[in-house]
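So the structure is just underneath, and the comments pick up after that.
The values are calculated or read from the model by the stated rules, or taken from the named source; none is laboratory data. Remember, predicted model here, so these are calculated numbers, not experimental data. Positions of Cβ are backbone-derived with ideal geometry, glycine not excepted, and every protein chain shown enters the neighbour counts. Just so you know, the surface numbers come from the protein's heavy atoms only, side chains and all, with ligands and any DNA or RNA stripped out. Shrake-Rupley method; radii C 1.70, N 1.55, O 1.52, S 1.80 Å.
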Amino acid sequence: MGSHLERIVFLTGAGVSAESGIPTFRAKDGLWENHRVEDVATPEAFRRDPALVLRFYNERRRGVLAAEPNSAHRLIAELQNDFDVWVITQNIDDLHERAGSRQVLHLHGEIKKARSTRDPDYIVELNGSELNLGDLCPLGSQLRPHIVWFGEAVPAMEEAIEIAQEADLFAVVGTSLQVYPAAGIVEFVPLSSRLFLIDPAPVGGGFHRRVERFFQAPATQGMAQLVEHVRAT
Ligand code: APR
């Protein structure tokens, strides 16, 4: 039998895409400074004012379409040459995929997809940047962004936990770890796994004592340092 490839698992957040020009959520100029979560990112908001919610995500989608992966996304993908790399991302952009990552799990959905409001299993790829009122699924119900809103379940959590539990090396990149259940995934990283953190700001809370190295830097620099460190040790 072939030898067992070491597994590297990344948990990524908005910070990994910040240098691609996609705004984070909780920074001073972040998305949640200019938009109220309750107005645009909850099921209630979509019931109350679907046009506003669709407009908000159409804007997000245009931003993603205009963005390119950065070297942090690319360095993560390059590790696939030597490791079994998994990316668990809270991001709704597809920059990990466009950088070449093949095992990407989206916890909070994908901006380039839409889903039926009647049949949650009906998910379609959007061709253009717009999803509008009147865009219907085959059952005749309005399509919604394929996004996990606040107050909704995170269906990918179970798989994310299974992936994390098999990690030999786990790296948290560019997330404030303020949103659950996603932030709780770090609790499932086995004690035998090495743990790394990349973020320009001090984050991480309770699990800091387990962190082998905190690369306090933007994702592109931090990833270069992480790769160097892993290759050397
Ligand atoms: N490189 C790496 N990290 C960065 C960079 C950068 N260039 N710039 C900012 N950061 C860090 C910030 O310091 C912060 O810790 O990225 C993190 C972004 O945090 P948030 O804005 O809270 O984004 P995230 O953690 O992804 O949010 C989680 O909340 O609003 C919901 O569903 C949304 O998936 C999102 C979830």
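Simple spin-label estimate for Ala201 and Gln216 gives 1.4 nm between the two label positions (7 Å along the Cα-to-Cβ direction from each Cα). Average projection, convex hull of the Cα set of the chain: 13.5 square nanometres.
Sorted by packing (mean other beta-carbon atoms within 10 Å per residue), highest first, where do 30-43, 159-172, 4-17, 219-232 land? Write down the numbers at each step before the final one.
Values: 30-43: 15.1, 159-172: 19.6, 4-17: 23.1, 219-232: 17.3.
For the peptides 30-43, 159-172, 4-17, 219-232, the packing ranking is 4-17, 159-172, 219-232, 30-43.
Seen against the Cα atoms of the chain and their longest principal axis, helix 219-232 is set at about 30 degrees.
Normalised size of the stretch 14-81, defined as Cα radius of gyration per 2.2 N^0.38 Å with N residues, equals 1.35.
Let me check I've understood the local charge: for Val179, count other residues with C-beta under 14 angstrom from its C-beta, Lys and Arg +1, Asp and Glu -1. What total comes out? Spelling it out: positives minus negatives among the neighbours equals 0. Projecting the Cα positions of Gly63, Ala41, Leu5 onto the charge dipole of the stretch 1-148 (unit charges on Cβ atoms of Lys, Arg, Asp and Glu, taken about the Cα centre) puts Ala41 furthest along the positive direction.
Compared with the alpha-carbon gap, the fully stretched path from Leu52 to Arg209 is longer by 52.2 nm at 0.36 nm per residue. Figure note: Leu195, Leu52 ranked by solvent-accessible area, largest first, 1.4 Å probe, ligands and nucleic acids not counted: Leu52, Leu195. Rounded to the nearest 20, the Cβ-based charge dipole of the chain about its Cα centre (Lys and Arg +1, Asp and Glu -1) stands at 380 debye. Add +1 for every Lys or Arg and -1 for every Asp or Glu among the other residues with Cβ under 10 Å from the Cβ of Arg48, and state the total. Every neighbour counted, the sum reads -3.
Rounded to whole numbers, the Karplus 3J(HN,Hα) couplings from phi for the stretch 118-132 are 9, 10, x, 8, 8, 10, 10, 6, 8, 7, x, 9, 10, 10, 10 Hz, using 6.51 cos²θ - 1.76 cosθ + 1.60 with θ = phi - 60°, and x at Gly and Pro.
For the stretch 119-171 and the stretch 180-204, write down the distance between their C-alpha centroids in whole Å. Going from one Cα centre to the other spans 23 Å.
In degrees from 0 to 90, rounded to the nearest 10, what is the angle of the helix 50-66 Cα long axis to the longest principal axis of the chain? Rounded to the nearest ten degrees, it is 40.
Between Ala27 and Leu136, how high is the FRET efficiency from 1/(1 + (r/R0)^6) when r is the Cβ-Cβ distance and R₀ = 35 Å? Nearest 0.05.
Numbers: r = 37 Å, r/R0 = 1.05.
According to the calculation, E is roughly 0.45.
Hey, any idea what % of the chain's accessible area is carbon plus sulfur with a 1.4 Å probe? Roughly 50 percent, rounded to a whole number.
Quote the charge dipole size of the stretch 10-122 about the Cα centre in Debye, to the nearest 20; the model charges only the Cβ of Lys and Arg (+1) and of Asp and Glu (-1). Intermediate results must be reported in sequence, preceding the final value.
Numbers: 16 positive and 18 negative charges, 78 e Å.
Dipole size: approximately 380 debye.
As a test, work out the antiparallel percent of DSSP beta bridges whose residues both lie in the chain, rounded to the nearest 5. Bridges in the chain that DSSP calls antiparallel: roughly 30 percent.
Assigning unit charges at the beta carbon (Lys, Arg +1; Asp, Glu -1) and nothing else, what dipole magnitude in debye, to the nearest 20, does the stretch 41-93 show about its Cα centre? Can you show the working numbers first?
Details: 7 positive and 8 negative charges, 91 e Å.
That gives the stretch 41-93 a dipole magnitude of about 440 debye.
All other residues whose Cβ lies under 12 angstrom from that of Leu133 are scored, Lys and Arg at +1 and Asp and Glu at -1, for a net of -1. When you filter the trypsin sites (Lys or Arg not before Pro) in the stretch 55-155 for DSSP loop state and at most 15 other Cβ atoms inside 10 Å of their Cβ, you are left with Arg102, Arg118. The order of Tyr180, Tyr122, Tyr57 by accessible area, most exposed first and with a 1.4 Å probe, is Tyr180, Tyr122, Tyr57. Spin-label model, Asn127 to Asp168: label points 7 Å out along the Cα-to-beta-carbon direction sit 4.5 nm apart. With θ taken as phi - 60° and the Karplus curve 6.51 cos²θ - 1.76 cosθ + 1.60 applied, the whole-hertz 3J(HN,Hα) list for the stretch 138-144 is x, 7, x, 9, 4, 7, 10 Hz, x standing for glycine and proline. Shape of the stretch 167-233 from the C-alpha gyration tensor: oblate (a/c of 1.5 or more and a/b not above b/c, with a ≥ b ≥ c the square roots of its eigenvalues).
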